[in-house]
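What follows is a single structure, and I will ask about it in a moment.
All of the numbers you see were taken from the coordinates with simple rules; none came from a lab. The structure displayed is predicted, hence computed values, not measured ones. When we count neighbours, we look across all protein chains shown, and the Cβ atoms used for this are built from the backbone with ideal geometry, even at glycine.
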Ligand SMILES: [Zn+2]
């Protein structure tokens, strides 16, 4: 029986569920201080993770989980996006292409 391959796990800052990194979306505080969703997970900066399906994004806003994790204020537009829990918005700027 082959050993299960270890995948990187991260914990959602809102619901505290440990999941495969690919099932989470990264919110990153970039060195510039800007806070953005980082679906690629490759931006430089300090990251916090949320479930990619959006199920707990509104809770993350309510609990200020991201603010706490990153010690930063959420920009209003990101906050609104999280409250709408719209996973399609992740990656941004591609609607209406
Ligand atoms: Zn979650």
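Just grab the label-to-label distance for residue 22 and residue 77, each label 7 Å out from Cα along the Cβ direction, in nm (one decimal).
According to this spin-label approximation, the distance is 3.0 nm.
Take the alpha-carbon positions of the stretch 9-88, form their convex hull, and give its projected area averaged over all directions (one quarter of the hull surface) in nm².
Numbers: hull surface 18.0 nm².
Its Cα hull, projected and averaged over all orientations, spans 4.5 nm².
Also, quick follow-up: Which peptide among 70-77, 46-53 comes first, and what is the full order, when sorted by highest mean count of other Cβ atoms within 10 Å? Walk me through the numbers on the way to the answer.
On the way: 70-77: 13.1, 46-53: 20.4.
Highest to lowest by the protection proxy: 46-53, 70-77.
Same structure, new question: Give me the percent relative contact order of the stretch 9-88, please, defined on Cα pairs under 8 angstrom at least 6 residues apart. Intermediate results must be reported in sequence, preceding the final value.
Details: 136 pairs, mean separation 23.5, N = 80.
Relative contact order of the stretch 9-88: 29 percent.
Run through the DSSP bridge list for the chain and note the antiparallel percent, rounded to the nearest 5. Numbers along the way, then the final one.
Numbers: 13 of 14 bridges.
Roughly 95 percent of the beta bridges in the chain run antiparallel, per DSSP.
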